[in-house]
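The values are calculated or read from the model by the stated rules, or taken from the named source; none is laboratory data. From a predicted model like this one, the values you see are computed outputs, not experimental measurements. Cβ placement follows ideal geometry from the backbone for every residue including glycine, while neighbour counts extend to all protein chains displayed.
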Amino acid sequence: MLQKMIIKGSKPLAGEITVSGSKNAALPILIASIMAPGRFEFHDVPDLMDIHTTAGLLRELGAEVDHQKTFVVDSTPINNYEASWDLVRKMRASFLIMGALISRFRRARVSLPGGCELGLRPVDQHLKGLQCLGVKISEEHGLVIADAAALRGGKVVFDFPTVGATENLLMAAATAKGETVIQNAAQEPEVVDLARALTAMGAKIEGAGKETIRIQGVESLRPITHTIIPDRIEAGTFMVAAAITGGSIIMKNTPTAMLVSVMEKLAESGVSFQETADGIKVVGPEKIRPVDIKTLPYPGFPTDLQAPMTSLLTIAEGTSIISETIFEKRFAHVAELIRLGADITIDGRSAVIKGTGGLLGAPVMSSDLRNSAALIIAGLAAHGTTEVYRIYHLDRGYERMEAKLALLGADIRRAPQDD
């Protein structure tokens, strides 16, 4: 049954929460369990729809998976190297299975991926990189077919930093013959966490988190126990929630070193931060100052926090400009924020936000994961009641968001959607 979120706003948040493990780090690391037979154990894996989808993908390949508490994978029984459309279509990150299957089986058959409606996100850089490692690529009825019998090290230069392609290449190159050099590699912390897990498995990787990564191929890998890093996007979202409500919250397990660009912009808007014995204290100002933001690959401002920041700046005292450089269709939240009383104009890939005296609750419709979070955040600040429809998007990337907000004093609950 479809659900909606009902929020009665204008209540400052207060209290403590703990940031969950990172979805974007967990997905490739769970998939990497394909690469070696044996029992893997993963800690701090968030309970999300995308994680359940990944568990289903691993089971379809033959793995035994238990994720009631600790996420355990026994990849010994895996004997299938084809990922069907039915699973891959649900989550774009499923395409990372290509590199893992190539690493272990030297072959793969993977459907072209689906995912959120954020514009064109082709896999050409993934395939270009694999071909540089001697992988023969063909396509048949929507399946990408990889023959990696001649898998070897090579030089890969991406046209632009891409997280997924960097992760796919890390996995494929881990057991390739010789050295692989990836240039213009993605530097995101989630890439670094994957490299950390692969290194524990026996891979030889240098430079993760930098523009150039070097991988010396090894003959085989081993299973590991690994703890997932905290989710910097969830952490940033709750920082914005504290800011927009003028609240004061303490956040535990917060990866502040990964959030420098976000915290700088929030500080510029008037938010204050204080390290405490329990975590970091985030205090929203009485009045939000306008700021200009440009989304960029890490360590720049993350595109995944652009929508929540747009919500915050709708109540700033002045005009802000947000420029989106990563995805061409990431302003779907704007039309819904306007329904709440925001004054926003789209100019190409930029949003010009004129702060208003406040937002007013209304029914709104979410269309993707971060869009959903942005609308809920706006509802926290709006006068009256806001209903956010189609929140199934939210459950792909935020672990019990409404429960955490309720712990902080928000008046928020789920209810059946009318249609």
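Quick check on my filter: what residues within segment 327-362 are of a type in the set (Lys, Arg) and either over 14 Å from Leu313 (Cβ atoms) or outside any strand (DSSP E or B) (or both)?
Answer for segment 327-362, where residues must be of a type in the set (Lys, Arg) and either over 14 Å from Leu313 (Cβ atoms) or outside any strand (DSSP E or B) (or both): Lys329, Arg330, Arg339, Arg349.
Each row is one residue, and each column tells you yes or no for (1) touching a residue at least 12 places away in the same chain (Cβ under 8 Å); (2) touching an Asp or Glu at 6+ places or on another chain (Cβ under 7 Å); (3) closer than 30 Å to Ala403 by Cβ.
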residue	(1), (2), (3)
Glu286	yes, no, yes
Arg289	yes, yes, no
Pro297	yes, no, no
Leu337	yes, no, yes
Leu340	yes, no, yes
Asp347	no, no, no
Ser366	yes, no, yes
Ser372	yes, no, yes
Gly379	yes, no, yes
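Among Gly355, Gly341, which is the only one that is touching a Leu at 6+ places or on another chain (Cβ under 6 Å) and either surrounded by fewer than 22 Cβ atoms within 10 Å (Cβ to Cβ) or within 16 Å of Ala241 (Cβ to Cβ) (or both)?
When all the criteria are applied, what remains is Gly341.
Of everything in segment 344-372, what is of a type in the set (Asp, Glu) and either under 13 Å from Thr310 (Cα atoms) or touching a helix residue (DSSP H, G or I) at 6+ places or on another chain (Cβ under 7 Å) (or both)? Give them in sequence order.
Passing the criteria: only Asp368.
Conditions (1) surrounded by 22 or more Cβ atoms within 10 Å (Cβ to Cβ); (2) among the small types (Gly, Ala, Ser); (3) in the same structural domain as Phe105 (by TED's automatic domain parsing), marked per residue:
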{"residue": "Thr166", "(1), (2), (3)": "yes, no, yes"}
{"residue": "Ala174", "(1), (2), (3)": "yes, yes, yes"}
{"residue": "Lys177", "(1), (2), (3)": "no, no, yes"}
{"residue": "Thr180", "(1), (2), (3)": "yes, no, yes"}
{"residue": "Leu194", "(1), (2), (3)": "yes, no, yes"}
{"residue": "Leu198", "(1), (2), (3)": "yes, no, yes"}
{"residue": "Gly209", "(1), (2), (3)": "no, yes, yes"}
{"residue": "Ala235", "(1), (2), (3)": "yes, yes, no"}
{"residue": "Ala243", "(1), (2), (3)": "yes, yes, no"}
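Under 9 Å by Cβ, and 6 or more places apart or on different chains, what pairs join a residue from segment 239-257 that is over 16 Å from Met309 (Cβ atoms) with one that is polar (S, T, N, Q) and modelled with pLDDT under 95?
As it stands, the answer is Ile250/Thr276, since those pairs meet every condition given.
Determine whether Ala374 is buried (at least 20 other Cβ atoms within 10 Å of the Cβ), assigned by TED's automatic domain parsing to the domain that holds Ala410 and either of a type in the set (Val, Ile, Thr) or more than 21 Å from the chain's Cα centre (by Cα) (or both).
no
Kindly indicate whether any position in segment 373-392 is assigned to a helix (DSSP H, G or I), touching a Phe, Trp or Tyr at 6+ places or on another chain (Cβ under 7 Å) and closer than 16 Å to Ala307 by Cα.
Within segment 373-392, one or more residues are assigned to a helix (DSSP H, G or I), touching a Phe, Trp or Tyr at 6+ places or on another chain (Cβ under 7 Å) and closer than 16 Å to Ala307 by Cα.
Might you check whether a residue that is within 19 Å of the chain's Cα centre (by Cα), of a type in the set (Lys, Arg) and in the same structural domain as Ser366 (by TED's automatic domain parsing) occurs anywhere in segment 263-273?
no
Hey, any hits in segment 46-65 for a residue that's in a loop (DSSP other than H, G, I, E, B) and either free of Cβ contacts under 8 Å to residues at least 24 places away in the same chain or in the same structural domain as Ile326 (by TED's automatic domain parsing) (or both)?
There is at least one residue in segment 46-65 that is in a loop (DSSP other than H, G, I, E, B) and either free of Cβ contacts under 8 Å to residues at least 24 places away in the same chain or in the same structural domain as Ile326 (by TED's automatic domain parsing) (or both).
Which residues, taken from segment 258-288, are out of contact with any strand residue (DSSP E or B) (no Cβ under 9 Å at 6 or more places or on another chain) and surrounded by fewer than 16 Cβ atoms within 10 Å (Cβ to Cβ)?
Val260, Glu268, Ala277, Glu286, Lys287 - these are the residues of segment 258-288 that are out of contact with any strand residue (DSSP E or B) (no Cβ under 9 Å at 6 or more places or on another chain) and surrounded by fewer than 16 Cβ atoms within 10 Å (Cβ to Cβ).
If you take the residues of segment 302-329 that are under 24 Å from Val388 (Cα atoms) and β-branched (Val, Ile, Thr), which of them is surrounded by the fewest Cβ atoms within 10 Å (Cβ to Cβ)?
Only one residue tops the list, namely Thr303.
Which residues, taken from segment 142-198, are basic (Lys, Arg) and within 25 Å of Phe301 (Cβ to Cβ)?
Passing the criteria: only Arg196.
Looking only at segment 157-200, which residues are in contact with a Phe, Trp or Tyr (Cβ under 9 Å, 6 or more places away or on another chain), within 21 Å of Pro223 (Cβ to Cβ) and not in a helix (DSSP H, G or I)?
none
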